[in-house]
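Below is one structure, written out as structure tokens; the observations come after it.
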């Protein structure tokens with residue numbers, strides 16, 4: 001599948017058109033559910049395993065926003081795809097491995113001081129579309145932490161959860177009102193609170209989701225994805241208004257984007273199997289994984 005990929009950020013760069021095409025192919029693979037394809041495309045394109053980014057290349061990237069946006073897009077697609085892949089696994093070693101790879105990219109790109117400070121001021125992707133890299137990358141890190149929580153002790157799980165919420169809240173406060181990523185983070189935080197205490201936080205969740213849908217009309221995949229979360233949260237908490245809001249929003253989007261039609265079913269399947277998966281993973285983790293590997297992953301995610 002890599003015949004079309006002719007560049008590596010760790011090595012020789014290809015023509016601009018090829019790089020842009022690679023990003024779009026990787027994102028299409030991810031959003032259409034071809035997670036392994038997305039992982040393979042980005043791994044080949046980034047080339048970190050063959051030749052990691054050196055300091056000279058990092059400095060060059062900070063002076064070239066377009067190239068930096070391409071690197072950041074590929075890195076984000078890879079981290080999100082690896083985290084998604086981990087969330088689909090039952091065997092703990094097959095969870096640790098992709099999450100460890102995701103953390104490697106997080107440490108190399110997301111947490112590099114020079115790249116991070118430059119990306120904080122980059123608000124469009126390689127095609128000029130709105131993309132707020134810094135807060136989106138914080139979201140990626142929080143989701144990676146959430147994916148790893150199934151492998152650790154209850155105490156560490158609480159620490160990961162609280163740490164994830166803390167970095168999301170920091171990102172939320174750093175963004176101006178009306179920013180679409182700010183609205184997305186607000187929904188994610190409200191959704192977590194709603195699942196903990198539906199009666200107290202339902203109105204905030206409804207308001208935040210409607211605002212996100214209004215601000216993200218040019219990003220139907222995002223709205224459809226979040227709508228499935230809302231629908232399932234309403235179902236879990238037996239709140240018909242919340243469930244109907246998510247379902248109707250999703251169906252309205254599918255009318256114009258039939259390629260998204262299976263997203264709600266996938267979310268239902270994921271939710272219905274989540275409890276069983278957690279029990280199986282917790283049972284198998286001490287048998288099939290080394291405590292040192294779990295501790296190392298925990299510390300790496302939290303940047304220790």
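Conditions (1) within 27 Å of residue 166 (Cβ to Cβ); (2) at pLDDT 90 or above, marked per residue:
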{"site": "191", "(1), (2)": "yes, yes"}
{"site": "196", "(1), (2)": "yes, no"}
{"site": "244", "(1), (2)": "no, yes"}
{"site": "247", "(1), (2)": "no, yes"}
{"site": "260", "(1), (2)": "no, yes"}
{"site": "285", "(1), (2)": "yes, yes"}
{"site": "294", "(1), (2)": "yes, yes"}
{"site": "299", "(1), (2)": "yes, yes"}
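Evaluate the following for residue 271: is it over 25 Å from residue 144 (Cβ atoms) and touching a helix residue (DSSP H, G or I) at 6+ places or on another chain (Cβ under 9 Å)? Let's see the steps before the verdict.
Values: over 25 Å from residue 144 (Cβ atoms): no; touching a helix residue (DSSP H, G or I) at 6+ places or on another chain (Cβ under 9 Å): yes.
Spelling it out, it is not the case that residue 271 is over 25 Å from residue 144 (Cβ atoms) and touching a helix residue (DSSP H, G or I) at 6+ places or on another chain (Cβ under 9 Å).
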Inspect segment 243-266 for any residue being within 20 Å of the chain's Cα centre (by Cα), part of a helix (DSSP H, G or I), under 23 Å from residue 181 (Cβ atoms) and in contact (Cβ under 8 Å) with a residue 60 or more places away in the chain and give the result as yes or no. no
Residue pairs within 6 Å by beta carbon, gap of at least six or interchain, first lying in segment 276-294 and loosely packed, with under 15 Cβ neighbours inside 10 Å, second assigned to a helix (DSSP H, G or I), listed first then second, are 278/150; 288/93
Could you tell me how many of the residues in segment 134-172 are surrounded by fewer than 16 Cβ atoms within 10 Å (Cβ to Cβ) and under 23 Å from residue 112 (Cβ atoms)? 2
Could you please let me know if residue 280 is part of a helix (DSSP H, G or I) and under 26 Å from residue 92 (Cα atoms)? yes
Being in contact with a helix residue (DSSP H, G or I) (Cβ under 8 Å, 6 or more places away or on another chain) and outside any helix (DSSP H, G or I) is the filter; apply it to segment 227-242 and report the residue that is surrounded by the fewest Cβ atoms within 10 Å (Cβ to Cβ). 237
Scan 61, 91, 68 and give me the residue that is in contact with a helix residue (DSSP H, G or I) (Cβ under 7 Å, 6 or more places away or on another chain) and closer than 27 Å to residue 272 by Cβ. 91
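Residue-by-condition table, conditions (1) surrounded by 23 or more Cβ atoms within 10 Å (Cβ to Cβ); (2) assigned by TED's automatic domain parsing to the domain that holds residue 290; (3) at pLDDT below 95; (4) within 21 Å of the chain's Cα centre (by Cα):
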site	(1), (2), (3), (4)
20	no, yes, yes, yes
26	yes, yes, yes, yes
33	no, yes, yes, yes
46	yes, yes, yes, yes
53	no, yes, yes, no
62	no, yes, yes, no
108	no, yes, yes, yes
Residues satisfying the stated conditions in segment 203-218, i.e. in a helix (DSSP H, G or I) and within 19 Å of residue 250 (Cα to Cα): 205, 206, 207, 208, 209, 210, 211, 212, 213, 214, 215
List every residue pair whose Cβ atoms sit under 8 Å apart, with the two residues 6 or more apart in sequence or on different chains, where the first one lies in segment 162-181 and is at positive phi and the second, anywhere, is at pLDDT below 90 and surrounded by 11 or more Cβ atoms within 10 Å (Cβ to Cβ). 178/215
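The values are calculated or read from the model by the stated rules, or taken from the named source; none is laboratory data. As the structure is a prediction and not an experimental result, all values here were calculated from the model. Positions of Cβ are backbone-derived with ideal geometry, glycine not excepted, and every protein chain shown enters the neighbour counts.
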